[in-house]
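The values are calculated or read from the model by the stated rules, or taken from the named source; none is laboratory data. The model shown is predicted, which means the values in this text are computed figures rather than measured ones. Heads up, the Cβs are rebuilt from the backbone with ideal geometry, glycines too, and the neighbour counts pull from every protein chain shown. Please note that ligands, DNA and RNA were not included when accessible areas were found on the heavy atoms of the full protein model with its side chains. Shrake-Rupley method; radii C 1.70, N 1.55, O 1.52, S 1.80 Å.
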Amino acid sequence: MYRVISLSLDAAVGTLVLTPVFFLLGRRRHQDTGLTVQYLLFAVYLCGVYAAAGLPGFHRVTYRPRVNLSFFAYMFSDYRSSLLNVLFFLPLGFFLPMLWRRFRQPLRTLLFGLGASAFVELFQLLTPRATDVNDLMTNTAGTLAGYVLAIFVQWLSPSMIPDNDSRDVYWICGLAVATMFLVHPLITMLL
């Protein structure tokens, strides 16, 4: 229960920091409030991923590598963790093609999910948490499942196919990571 409350507070801090930033940027970049809200939801999801993965803020970086490079080790015996990893990245696979036409191509979404998962796993080298090759596989599978769901939704409603600038995904990811790494620790220290 404590973990759920902690993650909720982390997401709330991320939302408080990012909301004014997104509305200012949205006003300058595209002037579409609906799109700004969608981008903000994506960024808040990314902040939640950052927090749930236990990635550090600048004040808690410690190099304690624990690495598992054995494929399928504990993957099936600890099936709950594997299932949670799939569910963890399912929204990423859903958001990408729903927000950017470029990610309607499955390979691009799959590679982005693999890259995001690799970022999380490599950044976990700076925490007491384990870096695990199986997490790469399950996170990428979750991205693919989310992609399939998004394509199905767009097939049901073709008007939901986006035409947004695909470069936006990179600055949104950068803002989310910067918020959680730099700003979030400062705010939580004050509270």
Report summary line: Only one of Asp165, Asp135 is within 23 Å of Val44 (Cβ to Cβ) and not in a helix (DSSP H, G or I), namely Asp165
**Report entry** Test set (1) farther than 18 Å from Gly174 by Cα; (2) exposed (fewer than 12 other Cβ atoms within 10 Å of the Cβ) - His30 fails condition number
**Finding:** (2)
Query raised in the report: Hey, among Pro128, Pro158, Pro106, which residue is surrounded by fewer than 19 Cβ atoms within 10 Å (Cβ to Cβ) and in contact (Cβ under 8 Å) with a residue 60 or more places away in the chain?
Result: Pro128
Requested in this report: Considering each of Val120, Val177 in turn, give the residue that is assigned to a helix (DSSP H, G or I), buried (at least 20 other Cβ atoms within 10 Å of the Cβ), under 12 Å from the mean Cα position of the chain (by Cα) and not polar (S, T, N, Q).
Outcome: Val120
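If the requirement is being aromatic (Phe, Trp, Tyr), at pLDDT 95 or above and within 18 Å of Asp132 (Cβ to Cβ), which of these qualifies: Phe94, Phe89?
Values: Phe94 fails: within 18 Å of Asp132 (Cβ to Cβ).
One residue alone meets the criteria, Phe89.
Select from segment 9-24 the residues that are open to solvent by 60 Å² or more (accessible area, probe 1.4 Å) and either of a type in the set (A, V, I, L, M) or at pLDDT below 85 (or both) and list them in ascending order.
We begin by selecting, within segment 9-24, every residue open to solvent by 60 Å² or more (accessible area, probe 1.4 Å); these are 9, 16, 20, 23-24.
Scanning segment 9-24 gives Leu9, Leu16, Leu24.
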Report task. Could you please give the count of residues in segment 86-123 that are within 17 Å of Leu149 (Cα to Cα), touching a Ser or Thr at 6+ places or on another chain (Cβ under 8 Å) and not aromatic (Phe, Trp, Tyr)? Result -> 11
Requested in this report: Looking for whichever is surrounded by fewer than 16 Cβ atoms within 10 Å (Cβ to Cβ), part of a helix (DSSP H, G or I) and either in contact with a Pro (Cβ under 8 Å, 6 or more places away or on another chain) or of a type in the set (Gly, Ala, Ser) (or both) here; the options are Gly115, Gly142. Which one fits?
Outcome: Gly115
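Tell me whether segment 60-80 contains one or more residues that are at pLDDT 85 or above and not hydrophobic (A, V, I, L, M, F, W, C).
Residues of segment 60-80 at pLDDT 85 or above: none.
Checked segment 60-80: no residue is at pLDDT 85 or above and not hydrophobic (A, V, I, L, M, F, W, C).
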